[in-house]
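The values are calculated or read from the model by the stated rules, or taken from the named source; none is laboratory data. The structure displayed is predicted, hence computed values, not measured ones. With ideal geometry, Cβ positions are generated from the backbone for all residues, glycine too; neighbour counts draw on all protein chains shown. When the accessible area is computed, the model is the full protein with side chains, heavy atoms only, and any ligands, DNA or RNA have been set aside. Shrake-Rupley method; radii C 1.70, N 1.55, O 1.52, S 1.80 Å.
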Amino acid sequence: MHSIIATNWQTHSQILAQIRFQVFIEEQQVPVADEWDGLDETAVHFLAQQNNLPIGCARLLIDMHKGIQHFHIGRVAVLKPYRAQGIGHALMEFILRFCRAQATHPIYLHAQTDRQAFYERLGFIAQGNVFMDAGIPHITMYWQAAE
């Protein structure tokens, strides 16, 4: 059984950094300077655990676009042995519920293009062109509430 909590960098930085280091820096070869962008201290973080073991994480920032606040989901990661078990889906659903409980800001993320279908199943729609981030193709996706 897994659990998901909202937390902050001050409380869980070591655990969150370990997950992101394994997934992004070691596995995906993201440059260290790109991963640690200085935004973690102000973000809301999410930690997924299974049997009290940390297995996944994500963060949530609030950005301004054209004078409107937006929720920006990022750094979504699940450790390799725990993938394809619904943990990433549960983590994203938790974050979407968290966002909707806070405000009605638009919700977006920059998806790695090979994860686009995963986010589409959650209700995200791709917008704009593919772009490179940390050497990996990405696309901007906005969440559309199912109403």
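A few remarks follow.
- Residues satisfying the stated conditions in the range 82-117, i.e. of a type in the set (Ser, Thr, Tyr) and farther than 15 Å from Phe71 by Cβ: Tyr82, Thr113
- Met92 of a type in the set (A, V, I, L, M, F, W, C) and touching a residue at least 24 places away in the same chain (Cβ under 8 Å): yes
- Cβ pairs under 6 Å, 6+ apart, first in the range 115-138 and farther than 23 Å from Asp37 by Cβ, second of a type outside the set (A, V, I, L, M) and open to solvent by 80 Å² or more (accessible area, probe 1.4 Å): Gly123/Gln144; Ile125/Gln144
- Evaluated against (1) aromatic (Phe, Trp, Tyr); (2) farther than 23 Å from Gly135 by Cβ; (3) in contact with a Lys or Arg (Cβ under 9 Å, 6 or more places away or on another chain), Phe24 falls short on exactly one condition, (2).
- Residues of the range 124-135 classified as at pLDDT below 95 and either surrounded by 14 or more Cβ atoms within 10 Å (Cβ to Cβ) or touching a Lys or Arg at 6+ places or on another chain (Cβ under 7 Å) (or both), total: 1
- Residues of the range 17-76 that are of a type in the set (Asp, Glu) and over 23 Å from Gln144 (Cβ atoms): Glu26, Glu27, Asp34, Glu35, Asp37, Asp40, Glu41.
- Tally of residues being touching a Cys at 6+ places or on another chain (Cβ under 8 Å) and farther than 20 Å from Gln28 by Cβ across the range 48-97: 2
- Test: residue in the range 37-53 that is at pLDDT 95 or above, open to solvent by 10 Å² or more (accessible area, probe 1.4 Å) and either of a type in the set (Phe, Trp, Tyr) or over 22 Å from Ile5 (Cβ atoms) (or both): no
- Flag if Arg20 is within 22 Å of Ile139 (Cβ to Cβ), open to solvent by less than 60 Å² (accessible area, probe 1.4 Å) and without any contact (Cβ under 8 Å) to a residue 60 or more places away in the chain: yes
- The test for being open to solvent by less than 40 Å² (accessible area, probe 1.4 Å), without any contact (Cβ under 8 Å) to a residue 12 or more places away in the chain, touching a helix residue (DSSP H, G or I) at 6+ places or on another chain (Cβ under 9 Å) and β-branched (Val, Ile, Thr) does not hold for Ile107.
- Single residue of the range 54-88 satisfying the filter (closer than 12 Å to Ile4 by Cα and more than 11 Å from the chain's Cα centre (by Cα)) that is surrounded by the fewest Cβ atoms within 10 Å (Cβ to Cβ): Pro54
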